[in-house]
């Protein structure tokens with residue numbers, strides 16, 4: 001038995017799979033066409049006891065650890081959901097932790113409780129039109145005027161923005177660089193805050209994405225999350241969780257495509273024989289399995305060390321790149337082995353092929369992950 005295979009987590013997996021099979025899988029095609037998830041799904045997920053897992057009960061959550069949250073993500077994908085589904089349904093996984101960690105009772109009551117009950121949605125807004133990974137260089141500015149901040153600037157590629165009620169926004173309150181960044185809670189109906197039409201993407205079609213613009217938005221000073229000019233460090237503190245979540249989504253997607261491919265090559269007949277009888281297919285499937293298992297084993301080991309309090313900044317970057325590379329390999333070969341059907345929208349592997357492409361970009365690109373590892377190795 002491992003930390004990922006306790007009695008409680010087996011029960012959690014079973015609960016997540018039942019929920020996915022009943023509430024998610026039958027609706028994936030419709031949600032992809034709609035370009036967003038229904039708000040009702042958030043409420044249903046909360047009622048099933050899944051939405052608030054990994055968040056403290058004192059803030060309205062279900063308790064548990066980040067591993068419990070990742071177990072749910074694994075199972076939703078491996079049951080037939082998608083990484084796009086996970087990104088949209090659990091967008092609070094990146095939008096809420098900074099606020100809960102800051103511990104302001106008023107903000108927890110106003111934001112965390114309704115979000116974890118599935119009644120409201122919160123998004124994280126960091127990326128800007130002129131920069132993604134360079135958080136220290138962001139330009140959206142918040143100027144203090146009495147008991148308010150006045151916010152001007154723009155954000156882009158914001159997950160769940162078209163549906164969000166709240167935005168955890170990274171702003172510049174001080175001088176240039178990391179030391180001048182803060183986090184502010186903005187509300188959708190604040191004058192001067194504009195949400196664009198949904199952005200059209202290659203994948204993650206059921207996960208709505210939009211741009212935000214701020215023109216003289218007046219935000220109460222009480223909406224400051226944490227201390228002024230400490231936002232950069234709060235964001236960095238949550239990057240490990242986000243990157244490891246993406247790594248888990250990558251290897252879970254690979255596992256789902258591997259499972260679908262094994263079933264397909266056993267069933268598909270060519271020239272009077274199943275595809276699985278051909279050595280070239282056998283070897284390709286074996287390599288898909290190897291890469292998936294290596295990615296899962298390494299990522300889980302890094303997560304266990306992260307939860308134990310070890311310094312795994314470099315290993316987190318390596319885990320993300322390892323899992324993304326495995327996923328890229330597996331989804332590509334899944335489509336190839338499915339042949340013409342793999343290229344059709346009716347095929348699940350086609351969706352995973354599209355969705356997987358963002359995993360090496362979001363949360364820090366493959367190149368940024370490699371740069372982190374190199375700097376720490378050669379410091």
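The values are calculated or read from the model by the stated rules, or taken from the named source; none is laboratory data. Because the structure is predicted, anything quoted here is derived from the model rather than measured. Using ideal geometry, Cβ is built from the backbone for each residue, glycine included, and neighbour counts are taken over all protein chains shown.
Laid out as a table, the results:
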{"quantity": "Pick from segment 328-379, criterion outside any helix (DSSP H, G or I) and crowded, with 19+ Cβ neighbours inside 10 Å, ranking: farthest from the chain's Cα centre (by Cα)", "calculated": "347"}
{"quantity": "Residues that are crowded, with 16+ Cβ neighbours inside 10 Å and either part of a loop (DSSP other than H, G, I, E, B) or assigned by TED's automatic domain parsing to the domain that holds residue 83 (or both), drawn from segment 197-230", "calculated": "198, 201, 203, 204, 205, 206, 207, 208, 226, 228, 229, 230"}
{"quantity": "From the options 20, 16, 11, residue that is without any contact (Cβ under 8 Å) to a residue 60 or more places away in the chain, in a helix (DSSP H, G or I) and within 30 Å of residue 302 (Cα to Cα)", "calculated": "11"}
{"quantity": "Selection count where residues are assigned to a loop (DSSP other than H, G, I, E, B) and touching a residue at least 40 places away in the same chain (Cβ under 8 Å), scope segment 36-61", "calculated": "8"}
{"quantity": "Pair list, Cβ < 6 Å and 6+ apart or interchain, from segment 96-121 residues that are farther than 19 Å from residue 230 by Cβ and not assigned by TED's automatic domain parsing to the domain that holds residue 183 to residues that are modelled with pLDDT under 95 and in a helix (DSSP H, G or I)", "calculated": "none"}
{"quantity": "Near pairs, Cβ below 6 angstrom, 6+ apart or cross-chain, from segment 346-366 (on the phi > 0 side of the Ramachandran plot and outside the structural domain of residue 78 (by TED's automatic domain parsing)) to any residue that is modelled with pLDDT under 95 and in a loop (DSSP other than H, G, I, E, B)", "calculated": "364/133"}
{"quantity": "Residues of segment 197-233 that turn out to be within 15 Å of residue 127 (Cα to Cα) and under 21 Å from the mean Cα position of the chain (by Cα), as a count", "calculated": "7"}
{"quantity": "Checklist (1) farther than 30 Å from residue 47 by Cα; (2) surrounded by fewer than 17 Cβ atoms within 10 Å (Cβ to Cβ); (3) in contact with a helix residue (DSSP H, G or I) (Cβ under 8 Å, 6 or more places away or on another chain); (4) touching a residue at least 12 places away in the same chain (Cβ under 8 Å) applied to residue 131, failing item", "calculated": "(4)"}
